[in-house]
1. For the list (1) in contact with a helix residue (DSSP H, G or I) (Cβ under 6 Å, 6 or more places away or on another chain); (2) in contact (Cβ under 8 Å) with a residue 12 or more places away in the chain, I need the number of the one condition that ARG267 fails.
2. I'd like the residue in the range 46-84 that is more than 17 Å from the chain's Cα centre (by Cα) and among the charged types (D, E, K, R) and, out of all such residues, is nearest to PRO444 (Cα to Cα).
3. Among THR109, THR64, THR36, which is the only one that is part of a strand (DSSP E or B) and either modelled with pLDDT under 95 or hydroxyl-bearing (Ser, Thr, Tyr) (or both)?
4. Within the range 48-61, which residues are closer than 22 Å to THR229 by Cβ and outside any strand (DSSP E or B)?
5. Tell me which of these SER94 doesn't satisfy, since it passes every other one: (1) in contact with a helix residue (DSSP H, G or I) (Cβ under 7 Å, 6 or more places away or on another chain); (2) small (Gly, Ala, Ser); (3) under 27 Å from GLU431 (Cβ atoms).
6. Suppose we filter LYS287, LYS275, LYS294 for residues that are over 30 Å from ILE190 (Cβ atoms), surrounded by fewer than 16 Cβ atoms within 10 Å (Cβ to Cβ) and either modelled with pLDDT under 95 or basic (Lys, Arg) (or both); which single one remains?
7. When residues of the range 233-264 are filtered for being in contact (Cβ under 8 Å) with a residue 12 or more places away in the chain and small (Gly, Ala, Ser), how many remain?
Amino acid sequence: MFTPQSQNCPDPVLEQLARSLIIKCTFSDSNTRNDTRYAYAQFRGTPNEDRFAISEDWELNKHTWQFLAVFDGHGGPNTAEYLAKHFASHLRRSMDFYFSSSLESTTSTVLQSHSAANDNLVIEFTQDNVSELIKREVRGFDEELGNAIKAICPNPERLHDDTEAWMLYEAHKEVIARARCGSTMAGILIDKTEHRMWVCCVGDSSVVLSTKPSGSDRRKTNLLNKHHTGFSPQEYYRVSMEHPSREWNTIWLDGEERIFGTLSMTRAFGDFMFKFPTSFTTALFSKFPSTAMKSVERVLSYNHTPPYVIPDPFVGFVDLTTFTEDEDPILVLYTDGLEALANRLSIARNNGASDATNGNADAVPNAVDIIGALIDQPFDPTAFPSRYTNILPRNNTAFNLIYNLLNGAIPTKLRAHLEFEIKRNTFDEEELYIDDVTVIMVRP
C-alpha cells in the first residue's frame, strides 16, 4: 500500500492515506509512559466495538498484581465499554476481600490455610484458589448485568402496552444496552511478585505465548486458551446436549455453527437475548437500535429453552519462572480481527507456494504461527511520507504487528478503506468493512 519509492515523488493522496491510518489507530508510545514492558495498539473499524484495559499495579498481601485484557464487542460497543471500565476494579475488590478475610467472611469454595504470622485464618494465593475466584467473579459480573434488567423489569410479560415498554427503555437505555449487546474477553492476571499468571478468556479473543527456543532464531508461539464458538466441536456438542434434540435444527440453523444462525459465540458477557426468556426481548431488547436486527427476529422465533449462551470462562495457569530471559517470552492478547488477518495472509502465502507444500497441510502455517513470525518484524517508517514518521509510535511492537498484517493480508482493501475515510460515499462502505483489531503485547 505504502511504498518507499513515494519518497522521491511527493504524493498528496499518499499523505492523506497516512493521516487517515494514524487517525484510525490508538497506540501507546514508549517515550511517553513509564512502563515499557507492554505495548498496545488498536485499528478502529467503523463502528469501533473493541475495547481494552490495562490496570495499574496493586498491592495485596505483599504481592504486586496487574490485570490486562482486550474486549471484542458485538451488537454494539456497550458491553465491551462497561467491561473495560469496570471489570479490573471488580476483580481487584474481590481479591482484596477474599484474600484478606477471616474464615467467617469467606466462602466454602475457597481453601483456607493458617497464617504463621498471626492467629487469623487467611486464604493463600494458590493456583486453584485464584483460578476459582476468577471463574466466580466472571460469572458474577455477568450475572449483575442480567440482574440489573430484572430489577427494572421483573415481569416483562406484563408490559402489554408498548408505550410503557418504550418509556422503560428510554429511562434505562444504558443498562439495557450493556445486557443486550455482548462482548468477549481475553485477559491475564499477573502476580509480579512470584512471576505467575492466570489466563482468563470468554469467547473467541486470544492469548498467545511466544518464546525463542535455545539455539533457534524462530519464535515458538502457542495459543493459551480455548475459543468458545460453534466452530469448536466441544462447544457445539455442549450447547446441543444442553437443549432438547428437537431444537438442534433451530439452534444450528441451516447447519451453521452460529446460534440461531446469527451468533458465533457460545460463551460471552451480555447477550441476554440468548440467556433470558423472549419476553425480555419483546419488551426491552428489541427497542435497542442495532444493525443486527436479524438476531432479534431469530431469538423471538427460536428461543425456547434459554440460556443458549453462558459466561463461564476458560481459566489457565502459567508459571512464568520456567522461562529464561534468553527465551524472550512475549504475551500477545488480541481480538479476533487479528486472527482473521493472519488466516487470510496464511492462505495467500500458501496459494503462492503451493508447489513447495506439495499439498502437505502441516506445512501451511496457521494464524498463531503467522502472528508469532511477525512479532519481531519492524514497521518500516520509510514507507510513510517523512512528515508523518515522527508521529508514528516508536518501538511499538503491537502497532507493527497490526500494520504488517493489514498491509500483508489486505493491502488493496486497506488502501480503499482509508480512501473511503477521506472521501465518504465514494465507495461501498459494506464492501470495505475491516473488523476492529486490538492488540496488547507484554514482556512479563
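1. The one condition ARG267 does not meet is (1).
2. ASP57
3. Of the residues listed, the single one that is part of a strand (DSSP E or B) and either modelled with pLDDT under 95 or hydroxyl-bearing (Ser, Thr, Tyr) (or both) is THR64.
4. Initially, the range 48-61 is screened for residues closer than 22 Å to THR229 by Cβ, giving 48-52.
Once the filter is applied, which keeps residues that are closer than 22 Å to THR229 by Cβ and outside any strand (DSSP E or B), the range 48-61 yields ASN48, GLU49.
5. It is condition (3) that SER94 fails.
6. The match here is LYS294.
7. Result for the range 233-264: 3.
Quick grid of which residues meet (1) surrounded by fewer than 19 Cβ atoms within 10 Å (Cβ to Cβ); (2) farther than 30 Å from PRO289 by Cα; (3) in contact with a His (Cβ under 7 Å, 6 or more places away or on another chain); (4) of a type in the set (A, V, I, L, M):
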{"position": "TYR169", "(1), (2), (3), (4)": "no, no, no, no"}
{"position": "LYS173", "(1), (2), (3), (4)": "yes, no, no, no"}
{"position": "ARG178", "(1), (2), (3), (4)": "no, no, no, no"}
{"position": "MET185", "(1), (2), (3), (4)": "no, no, no, yes"}
{"position": "THR193", "(1), (2), (3), (4)": "yes, yes, yes, no"}
{"position": "VAL199", "(1), (2), (3), (4)": "no, yes, no, yes"}
{"position": "ARG219", "(1), (2), (3), (4)": "no, yes, no, no"}
{"position": "ASN222", "(1), (2), (3), (4)": "yes, yes, no, no"}
{"position": "HIS228", "(1), (2), (3), (4)": "no, no, no, no"}
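The values are calculated or read from the model by the stated rules, or taken from the named source; none is laboratory data. Note that this is a predicted model, so its numbers are computed, not measured. Cβ coordinates were reconstructed from backbone atoms using ideal geometry, including for glycine residues, and neighbour counts include every protein chain displayed.
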